[in-house]
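The values are calculated or read from the model by the stated rules, or taken from the named source; none is laboratory data. Please read these numbers as outputs of a predicted model, since none were measured by experiment. Ideal geometry is used to build each Cβ from the backbone, glycine not excepted, and the neighbour counts take in all protein chains shown. Ligands, DNA and RNA are stripped out before the accessible areas are found, and what is left, the full protein with its side chains, is counted by its heavy atoms. Shrake-Rupley method; radii C 1.70, N 1.55, O 1.52, S 1.80 Å.
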Amino acid sequence: MLRTWVFCLWLLSGLTAATTAGEWQLSELCPAGFTQREGRCYLQTLYQDYGSLQNSGVGGLKTGLPEIRQGFTAQQIDLGRYLFFDPMLSGDGSLSCASCHQPDKAFTDGKGQSLGIHNQLADRSSPSLWNVGFLKTLFWDARATALEEQALGPLYAKHEMGNTPEQLLATLRSNVHYQALFAQAFSETPIRLEQVYTALAAFEASLISLNSRYDLYAHGFHDALTANEIAGMNVFRSFVARCAECHTPPLFSNQQIAVLGTPEPEGKPLDIGAEGPTGDRSLRGGFKVPSLRNIALTAPYMHSGRFKTLRETVEFYTKGRGHAVPKGETLSLHWHIWEPKLTDVELDRLVDFLSALTDQSFMPVIPTRVPSGLPVDNQHNTHVSMGE
Amino acid sequence: MNKISLIFVLLLSLPAFGKEITVKDGGTIQAAINQAVSGDVILIHPGTYRESVYVDKDNITLRGVVKEGKWPVMEGDHKLNDAILYSGNGITIEWIKIMHYKGNAIMGQSGNNYVIRNNWIIDTGVYGIFPQFGKNGLIEYNVLSGIEDAAIYVGMCDNVDVKHNEVFDSVAGIEIENTRHALVENNYAHNNTAGILVFITPGLPIKTTYDVIVRNNFVVDNNTPNFGAPGSIVSKVPVGVGMVIMAADDVKIEGNIITGNQTAGIVITDLAFITDVASDKESEPNPDNIQVLDNLMFNNGSDPVAEVKAAMLTKFTTTGPDILANVGSAQEPDNCILNAERYTSFGIGKWSQCDISTTADVTTYLLKGDAAPRDIETTEDRVARLYKGICAGCHAYNLRMIGPPTMAIQAQYYENPEGIADYIANPVKKRPDFPAMPSQGHLSEELRMKVAEYMLCLSPGKLAEVAATQGQVAKCQQP
């Protein structure tokens, strides 16, 4: 109810905000980890020292990254940042992208199924956005092939952000601050929806997490990991546990679809996963292999958050091939799902190692206020801009 | 670049003349690796080494010292995971006996320019020798047996020679999978479930297998019942097959002796050969341009598996053929053969006559000179990347981020890079309104110093302004 009131007040205040249009200015600086060339932002990372077989961006420690979405302008990225945190993007002004992608949880929300508009349950767990600029497919079922395409899903799903293209465009065009900001980012008027998607993609692709202590080890600084973490890394990449076969460095995902046969939460029917968008029966229960970067911050785990802890999650893989597949279901389980018989100590070490993949040092500045004037949810910020 | 620095860069890029580090019974190989630097040779004397060994450095040689028949033995007791796992470039592993591990005997994860030879590998779990994501590798003179998947598994690699190895009593002898430019020559693959397999596995990040020569191998009596782990792809391979070519392209088969394999000599097939595996629309399923040149084949197919027997009944026989290519596109005329009349066969009726008779012009698929382990770059490039990749995450030039602006740091340390280099090795919380900085003590003193200098020289125009306002002149040489 309170949210509805705020939304109404904001609608009323839309006209009066015009007097302060000049105060909004987009950053001319590329985000952390990016360097500016000819007005556009390009990633700088030690991983650019390395190649990868067939430029695949998968391999071992000193392996190059897959191609990233880059070359956006600083202004486009910064506009995306405001849009990302602005609840105006939802149908009733109650939810922003950051509601389900909260900075302090590595851009997830700590829920098995996210909460959409009017407290409706989303279908799956919200994935982390760190390093999404490297991903060739998006969503758990890999149904989108570009960030711009992905954005359409939650924006317009009736049970997620519940907006419509018409309403979104109308609200943006009637907001003088956004008029000014879009003009700075795209130097053309009026605002178009494609610009919204581009700006969101630009911001999301700027979220880079490649400076964990694991990365320092990978670059040759072997003291950066503890003995237990190194032991865990060795279990992780062993051909008994085989984690690294699908969660392949440097992104800790090989970006393929894998059918694992993980259990659903109590009472929830089997999620058919990639069979949905493809119609391919052999992909039933298949999901995109997620990156494990910042995994310690993104509980609960799996597509529907069935596992509350990392320890439970790694244990799944040693409890027997197909042990959680519902009776009567036949799934084409991935060949690396086998019976590794990992010991309790090995499982503990795996958790130790996974926690060394945490790095949020390039966290963007989270705006204290957004052009719509709607309240920004600051509970989930790791650090808030002092200057804005 | 001047001449002296060019020579310096060249020296850096070459494996140095390393030292020898000796490991004797009672010591550990890992301890030797931990103290080794690029170019070192680790000499492993006879004895028993119960350990898993990880090589995350470049240009390291692990060389067993075999004395009067006594080998250094890595013993996994069926408890340890892998024997040797490397990620570095330029790794050589030779003259080591490896037994009873659960994972692999030798696994590479992305190292280029590897050499694996003269090893004796028995019952080491899933694979014997398994380089993955590596370019330019030589696997020769190894003897492997008792492996529950493939004795030698070249997976997602480029430019590999697999020569003079003996592989037996395993499910698969030699596998070339999702790999390009491979030469499989002069190997002896016998008494496996299947001898030599060249194929594509769908669902892997690198999608193709092409340009493979399988030449002058003995592929004999591969009739061992399949003991692959349930669910593994290899567990789906029928017993008694000399060679399998599945979905791979541009494969040349020449001069092999293929006898006594009870289902078939050579099976050429599309991806439908393996069932119950999730499909991958990016994996092209058809075997294209398979060239079967002259080979010696007889006595294959004496007791084929049920599916093949059923297929052969349509040809009014119950024995399997030397060449079986009866499914889908395997029958197409882009595949070819020489002297087809010499063999029993099924499915090659439309095949064309090969227009080459030998592959002798290809003597190796190894690269001339090493594959570049990475681009050669100067220390300055590396320092710039270090700064922009790590430091810049918290320090923007002229605005507050997680850490104070670079401009403010420049003012504080304007002629004092040592001060920064020391501070970042052991940071203490200095400014009440900023969080403490994480230590960068893992960087060498030299690197810390260079990064500090880089930081002080950043945007000298603006630096000069800052310095001027404080009546100081910054000492900064860089443009």
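Worth pointing out:
- Within segment A:251-271, the set of residues being within 14 Å of another protein chain (Cβ to nearest Cβ) and either free of Cβ contacts under 8 Å to residues at least 12 places away in the same chain or among the β-branched types (V, I, T) (or both) comprises A:I257, A:V259.
- Within segment B:275-294, if we keep just the residues that are closer than 21 Å to B:C354 by Cβ and in contact with a helix residue (DSSP H, G or I) (Cβ under 9 Å, 6 or more places away or on another chain), the residue that is farthest from the other protein chains (Cβ to nearest Cβ) turns out to be B:D294.
- Residue within segment A:372-382 that is modelled with pLDDT of 90 or more and within 14 Å of another protein chain (Cβ to nearest Cβ) present: no
- Qualifying residue in segment B:235-244 (condition: under 18 Å from B:V171 (Cβ atoms), within 14 Å of chain A (Cβ to nearest Cβ), within 26 Å of the chain's Cα centre (by Cα) and not in a loop (DSSP other than H, G, I, E, B)): yes
- Only one of the listed residues (A:L260, A:L251, A:L225) is within 18 Å of the chain's Cα centre (by Cα) and either surrounded by fewer than 20 Cβ atoms within 10 Å (Cβ to Cβ) or among the hydrophobic types (A, V, I, L, M, F, W, C) (or both). That residue is A:L251.
- Selection status of B:D322, over 26 Å from A:S282 (Cα atoms) and touching a residue at least 60 places away in the same chain (Cβ under 8 Å): yes
- Residue count, segment B:393-419 (criterion: within 13 Å of A:L29 (Cβ to Cβ), among the hydrophobic types (A, V, I, L, M, F, W, C) and at pLDDT 80 or above): 1
- Filtered residues of segment B:279-332 (kept if part of a strand (DSSP E or B) and either under 30 Å from A:I257 (Cβ atoms) or not assigned by TED's automatic domain parsing to the domain that holds B:I233 (or both)): B:D288, B:N289, B:I290
Here's the yes/no breakdown for (1) surrounded by fewer than 18 Cβ atoms within 10 Å (Cβ to Cβ); (2) within 23 Å of A:Y217 (Cα to Cα); (3) facing chain A (nearest Cβ under 8 Å):
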position: B:A392; (1), (2), (3): no, yes, yes
position: B:L399; (1), (2), (3): yes, no, yes
position: B:I409; (1), (2), (3): no, no, no
position: B:N426; (1), (2), (3): yes, yes, no
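- Candidates A:S125, A:S114, A:S90, filtered to the one that is at pLDDT below 95 and buried (at least 22 other Cβ atoms within 10 Å of the Cβ): A:S114
- Within segment A:128-138, tally of residues that are open to solvent by 20 Å² or more (accessible area, probe 1.4 Å) and either modelled with pLDDT under 95 or among the polar types (S, T, N, Q) (or both): 2
- Residues in segment A:46-78 that are within 26 Å of A:Y197 (Cα to Cα) and among the polar types (S, T, N, Q): A:Q70, A:T73, A:Q75, A:Q76.
- Residue pairs meeting the criteria (Cβ under 7 Å; at least 6 apart or on separate chains; first aromatic (F, W, Y), in segment A:285-308; second assigned to a loop (DSSP other than H, G, I, E, B)): A:F287/A:W140; A:F287/A:D141; A:F287/A:A274; A:F287/A:H303; A:F307/A:P300
- Qualifying position, being at pLDDT 95 or above and either within 14 Å of another protein chain (Cβ to nearest Cβ) or surrounded by fewer than 24 Cβ atoms within 10 Å (Cβ to Cβ) (or both), among A:Q36, A:Q44, A:Q25, A:Q102: A:Q102
- Matching residues, segment B:268-278, being under 21 Å from A:A274 (Cα atoms), in a helix (DSSP H, G or I) and either modelled with pLDDT of 90 or more or not small (G, A, S) (or both): B:L271
- Looking only at residues in segment B:435-459 that are modelled with pLDDT under 75 and within 10 Å of chain A (Cβ to nearest Cβ), the one that is surrounded by the fewest Cβ atoms within 10 Å (Cβ to Cβ) is B:P435.
- Residue among A:G267, A:G279, A:G232, A:G285 that is surrounded by 23 or more Cβ atoms within 10 Å (Cβ to Cβ), on the phi > 0 side of the Ramachandran plot and outside the structural domain of A:G110 (by TED's automatic domain parsing): A:G285
- Pairs, first more than 20 Å from B:D280 (Cβ to Cβ) in segment A:139-150, second surrounded by fewer than 16 Cβ atoms within 10 Å (Cβ to Cβ) and modelled with pLDDT of 95 or more, C-beta under 8 Å, six or more apart: A:E148/A:E194
- Search result, residues across segment A:188-205 that are closer than 19 Å to A:V365 by Cα and open to solvent by 10 Å² or more (accessible area, probe 1.4 Å): A:E204
- All positions within segment B:295-319 that are open to solvent by 30 Å² or more (accessible area, probe 1.4 Å) and in contact with a helix residue (DSSP H, G or I) (Cβ under 7 Å, 6 or more places away or on another chain): B:T318, B:T319
- Considered as a group, the residues in segment A:62-83 that are hydrophobic (A, V, I, L, M, F, W, C) and crowded, with 24+ Cβ neighbours inside 10 Å include one that is nearest to A:L115 (Cα to Cα), and that residue is A:L83.
- Selection over segment A:51-61 of residues that are surrounded by fewer than 24 Cβ atoms within 10 Å (Cβ to Cβ) and not in a loop (DSSP other than H, G, I, E, B) gives a count of 2.
- Given (1) farther than 21 Å from B:G369 by Cα; (2) touching a Leu at 6+ places or on another chain (Cβ under 9 Å), number of the condition B:A194 does not satisfy: (2)
- Counting the residues of segment A:156-171 that are within 21 Å of A:A274 (Cα to Cα) and open to solvent by less than 30 Å² (accessible area, probe 1.4 Å) gives 1.
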